[in-house]
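The values are calculated or read from the model by the stated rules, or taken from the named source; none is laboratory data. Everything numeric in this text was worked out from a predicted model, so none of it was measured. Backbone-built Cβ (ideal geometry, glycine too); neighbour counts: all protein chains shown. Surface accessibility is based on the protein's heavy atoms, side chains included, excluding ligands, DNA and RNA. Shrake-Rupley method; radii C 1.70, N 1.55, O 1.52, S 1.80 Å.
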Amino acid sequence: MRVLLSFIKKEFLLVLRNRQELLVLLAMPLILITILGFALGAVLDGEVSPITGEAALIMHTSEEEEFNIFMNELSSLKLPEEAKLQIEKQAEALLPITILQSEIFGDSQLQSVITLTELPVSQLQEAKEAEQYSAIIEVPEQFTSKMLKSLFIEETEVPALTVYSNERKELSAGIVEDVVKSFQEQFSLYAVLGREGFQMEEGTMLSANVSGTVETLTKKEPIGAFSYYTIGMSVMFVLFIAATVSSQTFIEKKRHVFDRILLANVPRLTYVTSVFFSTFIIALFQLAILYTGAAVFYGVYWPDLVALLCITLALCSVVAGFAVLLMAMNNRLGTDSSTKLFMSAFVPVIAFLGGSYTPVGSMSDWIVKIGELTPNGAALSAFMDVQQGAGVAEVTDHLSVLLILTVALFAVAYLTFPRKARAI
Amino acid sequence: MLEAVALTKHFKQHKAVQGINLHLERGEIVGLLGPNGAGKSTAIAMISSLISPTQGEVRYNQVDVLKKPHVLRAKLGVVPQEIALYDDLTAKENLEFFGRIQKIKSSELKGRVKEVLEQIGLSDQGKKLVKHFSGGMKRRLNIGVALLHEPEILIMDEPTVGIDPQSRNYILETVKRLNQEKQMTILYTSHYMEEVEFLCDRIYIMDRGNVIASGTKDEIKNILSAENTILVKLQRRNEVFLHALKKEAVISRLDGHENWVTIVIPKDVQFVSELLKIAEASEAVIQSIEIQTPSLEDVFLHLTGRALRN
C-alpha cells in the first residue's frame, strides 16, 4: 500500500509541475466551455436559429388594385347594401398578401429566420439568378381578387402562389415553402368554411403559427449550452489524462527509471495497479476542478450528486484502464506511438462519436449506437440524463458500459505488459 | 560472491556479449573496461538481472540469479549510464520515492535520505528540482539513489560520462570512500582508462563482446612487460629519420605522428645510442627522448590495435 501511494504521489507531483500538461488538461477545457457555451449557447438553448435566409415577394398586380377589382365585382352583385358593407369590411381584413407579409413573415420568430423583401416584377429574372434569395414567392395576377371572391362570393379556382426555391439554400428555402403551403391550405379552408356560413372575425385569422412553447420530445428538462459543453469537454479532456500518464511511464522506461523500479523488486501487478490508480486519482481531480469551475462561472449545477459521483468514478476507471493499456503497449513495442495515436486520432474520433463537439442525436442511428458505446459517449449520456433529472438507477446501462470497458482494458493491458519488462 | 559464467547475449543477428566469465569478491573494486559498443552495458544488465542472457548464468552467493532475481536485487545498487531520475521532482523527493519503493522503513527513510545527500555532497540542494541541476549534480544524485538501501554490491555503468572534471573527481573519491569505509563491492564500468587505473583492484577488458584480458592492474600491464616504448620528439618531422628507423629489425612497432615518433622495442635492448646515431645521420634534431612504461591504454592498443576512445 505504501509503495502504491508513493507511485500515486509521484505521478500527481509530475503532472502538477508540468505547466504544459496543466494547460491542456485544465485551461483548455475551461476555455472551450466558455467559447462554445457563449458561441453556440443561443442555438443550443433554442433562442436563435442557426438557419437564416432571405425571401423575395413579387406581385404582378398590387393588392390595392386587386381589392378594387373585387369591390367592382361585389358592387355589381344584387345584394343588400348592408351585406356588401359587411363583406367589404371582412375582405379588407383578409387581404391574403398583406396577411402573408405582415402577419406571417412579420412574426418576430419567423423574421429571425427568414426576411421577406418585396421586389418589382421587372426584377423577377434577376432575383432568380441571384444567390441572395433562399426562395422567391411570385403572386400571379388576380390572386387576391379571386381569393376574396372564393372566400365571400362563390367557389372559384384560385391561382396558386409560385415558390422558386434556391437548392443551394435548401433549409431556409424549405421553411419558405412550408410556410406558403400552410398559408394556402389555411386560406382554402377558410374559403370552404366561409361558404358554409361560418363567420370569420377580424383578428382570428391566420398566423404563421411558429410561436409556442419549447417542448422536448422526451419530456425531459432541456439542457443548456454551458451544461452540455461542460460535460462534452470534460468527458473528452479527461481521456488525455491516460495519454499524460502513459507518456510519463514511457519516459520512465526510456530513461531507465523503470530499471530502478524493477531492481527495487516492485511486482509487475503493483506497477500496473499503480499506473491505474494514479490515473484514476488525477482524472478525478481534473473532473472535480472542471465541474467546480463550471458551477462557479456558468452556474452548471447537478441535481443528484450521488449519481454525478457514480458516473465520475466509472469514467475515471475507464480512463485509468486506457492509461494502463497504453503503458503496456508502449512497454511491449518499445515506442510511445500508441500514446501518440491515442491522442491524435483515437480521442478526436471518439469525442465526435460520443457527442463532445455536437449532439449526435440527430445523426444516423449507427453513429448514435457507436457513440453510446464509447467511454466518453456513455459518460456523456449518463451525465446528461442526470442533468435532466435522472438518478443512479436510470443510468445503470451507461454505468455498465463504463465498468465493462474498464475491466476489459485492464485485463488486456495486464496480458500485454511484458512479463520480463526492462528498459530499452 | 557474484559471478557470471559463460554469459552470452544475442540480439537477433548481433552478438552483443559472447560467453564472458567474470567474478566479484567481497570488498573489491573491479573495473570493466572497453570502448563504446564493447558490450559492457549489456553485460552488466545481465549481471544485475535486468535482461536474461541467451546463454550462461549469474550466481550470487551460489544462488541462481535468473531463477531468484529478488535475492540479488535486494543487495544490489545499480547506477545506470543514463540519468534515471524524475526531472520534475526535487532531489529529496526522488530519494524518498525510490526509498519507499525499496521498502525502507518510514522511520529510517528520512535519516537515509539525509545521509545519502551528505554522501554525494548535495545536502544543501535537496529541495531543488532535478531539472535545475548541473550535469555533475545529476550524476551524483543518480549514484545517491543506488546507495539508499545500503547495497552490498554497487554496479556503476559509466557514471562520469559528460561531466566537468571537478564533479568527476568528486564521484571517483566517493566511490573510493564507499569501498574503503563501507566495504562495498563495486563493479565499475568505464572507457576512461585513468578512472579504472585509479579505482580498481582488478580489471576486465572487453572488446566486441569478449573479455580480451583480465587480472590485476600489474598483471595486465605485464602483458606488455617484455617491451619498452620510446617517445621521441623532433624539432620537425623528418622522413629520412623515419625511413632509417624502419630498417631497424629490433623495432617491433613504429609510429610517426607530426614531429612525434613512437618506437616499441624489446625491454632488454639498449637502443638509445643507436637512435642518436641514426638521428645525426639523417639530420633529425631531437628535442626530447622519453622511455615509457606500459599503461592500460598501451595494453588495449596492443591487444586490439585500436585506441580505447575511438
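Data for the structure
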read-out: Ordering of B:286-292, A:245-251, B:85-91, A:263-269 by burial proxy (mean other Cβ atoms within 10 Å per residue, highest first); value: A:245-251, B:85-91, A:263-269, B:286-292
read-out: Pairwise FRET efficiency - residue A:64 versus residue A:167, Cβ, R0 = 30 Å, nearest 0.05; value: 0.30
read-out: Among the listed pairs A:10/B:127; B:12/B:40; A:10/B:110; A:253/B:176; B:12/B:75; B:221/B:267, those beyond 20 Å (Cα-Cα); value: A:253/B:176; B:12/B:75
read-out: Evaluated at q = 0.09, 0.14 Å⁻¹: base-10 log I(q)/I(0), Debye formula over Cα of chain A; value: -0.71, -1.14
read-out: Stokes-Einstein D in µm²/s, Kirkwood radius over Cα pairs - the protein assembly as shown at 4 °C with 1.567 mPa s viscosity; value: 38
read-out: Hydrodynamic radius by Kirkwood, which averages 1/r over all alpha carbon pairs of the stretch A:267-424, in angstrom; value: 16.7
read-out: Gyration tensor verdict on chain B (Cα atoms; rounded if a/c is under 1.5, prolate if a/b is larger than b/c, oblate otherwise); value: prolate
read-out: Candidate lysines - alpha carbon under 28 Å from residue A:146, same-chain residues fewer than 8 apart omitted; value: A:78, A:84, A:89, A:128, A:181
read-out: Gain in span if fully extended, residue B:293 to residue B:161, counting 0.36 nm per residue against the direct Cα distance; value: 44.8 nm
read-out: Share of carbon and sulfur in the accessible heavy-atom surface of the stretch B:71-163 [1.4 Å probe, %]; value: 47
read-out: Shielding of A:7-20 by partner chains, average beta-carbon count, 10 Å; value: 3
read-out: Percent carbon-and-sulfur accessible area, the stretch B:169-242, ignoring ligands, DNA and RNA, probe 1.4 Å; value: 44
read-out: Shape call, the stretch A:100-151: gyration tensor on alpha carbons, a/c limit 1.5; value: oblate
read-out: Two-decimal ratio, the stretch B:97-198, of alpha-carbon radius of gyration to 2.2 N^0.38 Å; value: 1.07
read-out: Gyration tensor (alpha-carbon) shape descriptor, the stretch B:179-237, a/c threshold 1.5; value: prolate
read-out: Within the protein assembly as shown, percent of DSSP bridges classed antiparallel, to nearest 5; value: 60
read-out: Choice from B:266, B:35, B:53 showing the highest fluctuation, given a GNM over chain B with Cα pairs closer than 10 Å; value: B:266
read-out: Qualifying trypsin sites (Lys or Arg not before Pro) in the stretch A:357-421, DSSP loop, other Cβ atoms within 10 Å at most 12; value: A:419, A:420
read-out: Cα centroid separation - the stretch A:304-367 against the stretch B:159-174, whole Å; value: 47
read-out: Approximate shape of the stretch B:146-209 as ellipsoid semi-axes (Cα gyration tensor, √5λ), whole Å, largest first; value: 19, 15, 11
read-out: Label-point separation, residue B:303 to residue B:75 (7 Å along Cα→Cβ), nm; value: 2.8
read-out: Number of partner chain Cβ atoms within 10 Å, mean per residue of B:49-56; value: 2
read-out: Threshold 50 Å², the stretch A:232-276 residues less accessible with all protein chains present than alone (1.4 Å probe); value: A:255, A:256, A:257, A:260, A:263, A:264, A:265
read-out: The stretch A:277-396 - charge dipole about Cα centre, Lys and Arg +1 at Cβ, Asp and Glu -1, debye rounded to 20; value: 360
read-out: Carbon + sulfur, % of accessible area of the stretch A:254-360 - ligands and nucleic acids excluded, 1.4 Å; value: 75
read-out: Accessible area expressed per residue, the stretch B:103-184, with surrounding protein chains retained (probe 1.4 Å, Å²); value: 47
read-out: Cα-centred dipole magnitude for the stretch B:140-249, charges only on beta-carbon of K, R (+1) and D, E (-1), debye, nearest 20; value: 540
read-out: Protection proxy ranking, peptides B:236-244, A:382-390, average beta carbon neighbours within 10 Å, highest first; value: A:382-390, B:236-244
read-out: DSSP beta bridges in chain A [antiparallel fraction, %, rounded to 5]; value: 25
read-out: CD proxy at 222 nm, helix term only [per DSSP H run n ≥ 4: -39500 (n - 2.57); per residue of the protein assembly as shown; nearest 500]; value: -15500 deg cm²/dmol
read-out: Positive-pole candidate from B:133, B:189, B:116, dipole of the stretch B:116-192, charges at beta carbon; value: B:133
read-out: Summed buried accessible surface, chains A and B, 1.4 Å probe, nearest 100 Å²; value: 2700
